[in-house]
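Structure first, then comments.
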Amino acid sequence: MFYPKYTISNKLLANIKKIAGLVVNLNNRRFSDVILSELKTRARVMSVFSSTSVEGNPLPLTDVKRILKNKPEYARDSEKEIINYNEALIYLESLTRKNSAVFNNELILNIQKTVTKGLIEKYRCGEIRKEPVFVNDPKTGQTIYLPPDKDEVESFLNDLYSYLSENENKIDSLILAGIFHKQFVVIHPFVDGNGRTARLATKVLLAKMGLDTFNLFSFENYYNQNVSKYFQEVGVMGNYHEVKDGIDFTSWLEYFTDGIIDELLRVGKDLDRESAMPQNELKEHHQVIIDQIEEKGYITDREYSNLTSRAKPTRNLDFKKLISLGIIEKKGRGKATYYKLKQ
């Protein structure tokens, strides 16, 4: 069985509490569909760029944006990496949105198959490795880690899935997601695509546990800011069988939660900045409408007129702006017209 060693340090506990506070704060705020759509697009592009960049893809962010927009028919390997990762993101986001993602070996194999499509031999795509692998230092080229033997990989993965399932309601979801991420890298189940698969699978796991990172933020961005630090924290050195008993997840879990905090703060600033733009800015009278709907479930023009001194033509403009921003929707007709928050 798999029993990871870690300590709930003061820093880790503080990080978990801070993340909970930041998430609650974001969830309690209401933003227009225009803003959310823009930030969602940015987050996906940033995830694609950052996660492939971590693995050594040399393409700059401007090229990544161009590739995702144009999808070249004849793509180089570096471009295929971008296209593949984006395809995996879209597919996994769809699963989480429908709440139909089953976190098991089949999902993991599908992720790896998607991110490595056209980049390695077909028989190695979507298949657990059947050979030994070595992790080399990208700077020196020397081997720094020998993962578990090929015959152990499947049982180690099953132990990891069992640990997640058995502790789903016992251990904080952030800790479970962090433990999965590092242990998956330690097991190194594939010939290629381990890092990309680990990060995508972690996004699915977080979403299933209530923190959907597909929508607005990219924790991969944090890793890409200091790739050496990421590899230092997520990886181990030496022969797995010689170092396995000494693997401690504490430092990684602190770093992992640091990354989520960093991105939540960045997204909060982006939302504030976008909301302050004239075309997106909500005035006090707009908030009156939203507050009334949240309290009562709906609002009519008559009710709004009792809450404000604004004239009817201006009140109509207030409703129209909130509709155009995707915050509310109009129901009924004529005198039976009322407005509700858009679902």
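The values are calculated or read from the model by the stated rules, or taken from the named source; none is laboratory data. Computed from a predicted structure; not experimentally measured. All Cβ positions, glycine included, derive from the backbone under ideal geometry; neighbour counts span all protein chains shown.
A few comments on the model shown:
- Selection of the stretch 287-325 for residues being farther than 10 Å from residue 339 by Cα, assigned to a loop (DSSP other than H, G, I, E, B) and not hydrophobic (A, V, I, L, M, F, W, C) yields 308, 309, 310.
- Look at the stretch 43-62: where a residue is in a loop (DSSP other than H, G, I, E, B) and a partner is surrounded by fewer than 23 Cβ atoms within 10 Å (Cβ to Cβ) and modelled with pLDDT of 95 or more, sitting 6+ places away or on another chain with Cβ atoms under 6 Å, you get 57/78; 59/78.
- Being assigned by TED's automatic domain parsing to the domain that holds residue 90 and more than 19 Å from residue 111 (Cβ to Cβ) holds for only one residue in 150, 203, and it is 150.
- Residue 167 vs. criteria closer than 21 Å to residue 90 by Cβ and in contact with a helix residue (DSSP H, G or I) (Cβ under 7 Å, 6 or more places away or on another chain): no
- Options 152, 131, 166, 81; residue that is at negative phi, in contact with a Ser or Thr (Cβ under 9 Å, 6 or more places away or on another chain) and not basic (Lys, Arg): 81
- The selection criterion, being farther than 30 Å from residue 236 by Cβ, of a type in the set (Ser, Thr, Tyr) and modelled with pLDDT of 85 or more, does not hold for residue 52.
- Criterion applied to 211, 206 was being among the aliphatic types (A, V, I, L, M), in contact with a helix residue (DSSP H, G or I) (Cβ under 9 Å, 6 or more places away or on another chain) and buried (at least 22 other Cβ atoms within 10 Å of the Cβ), and the one residue passing it is 206.
- If you go through the stretch 310-343 and pick out every residue that is within 18 Å of residue 34 (Cα to Cα), at pLDDT 85 or above and of a type in the set (Ser, Thr, Tyr), you end up with 0.
- Residue count for the stretch 239-271 satisfying the condition of being modelled with pLDDT under 95 and not in a helix (DSSP H, G or I): 0.
- Within the stretch 86-143, the set of residues being basic (Lys, Arg) and either part of a loop (DSSP other than H, G, I, E, B) or not assigned by TED's automatic domain parsing to the domain that holds residue 41 (or both) comprises 98, 117, 129, 130, 139.
- Lone qualifier among 134, 156 - being modelled with pLDDT of 95 or more and farther than 23 Å from residue 48 by Cα: 156
So that you can scan it fast, the table gives a plain yes or no per residue for (1) in contact (Cβ under 8 Å) with a residue 60 or more places away in the chain; (2) farther than 30 Å from residue 138 by Cβ; (3) of a type in the set (A, V, I, L, M, F, W, C):
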| site | (1), (2), (3) |
| --- | --- |
| 230 | yes, no, no |
| 242 | no, no, no |
| 251 | no, no, no |
| 257 | yes, no, no |
| 285 | no, yes, no |
| 294 | no, yes, no |
| 319 | no, yes, yes |
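Results for (1) in contact with an Asp or Glu (Cβ under 9 Å, 6 or more places away or on another chain); (2) in the same structural domain as residue 89 (by TED's automatic domain parsing); (3) closer than 26 Å to residue 171 by Cβ; (4) of a type in the set (Lys, Arg), shown as yes or no for each residue.
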position: 1; (1), (2), (3), (4): yes, no, yes, no
position: 14; (1), (2), (3), (4): no, yes, yes, no
position: 58; (1), (2), (3), (4): no, yes, no, no
position: 61; (1), (2), (3), (4): no, yes, no, no
position: 66; (1), (2), (3), (4): no, yes, no, yes
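- The one condition in (1) over 20 Å from residue 174 (Cβ atoms); (2) in the same structural domain as residue 182 (by TED's automatic domain parsing); (3) at pLDDT 90 or above that residue 307 fails to fulfil: (2)
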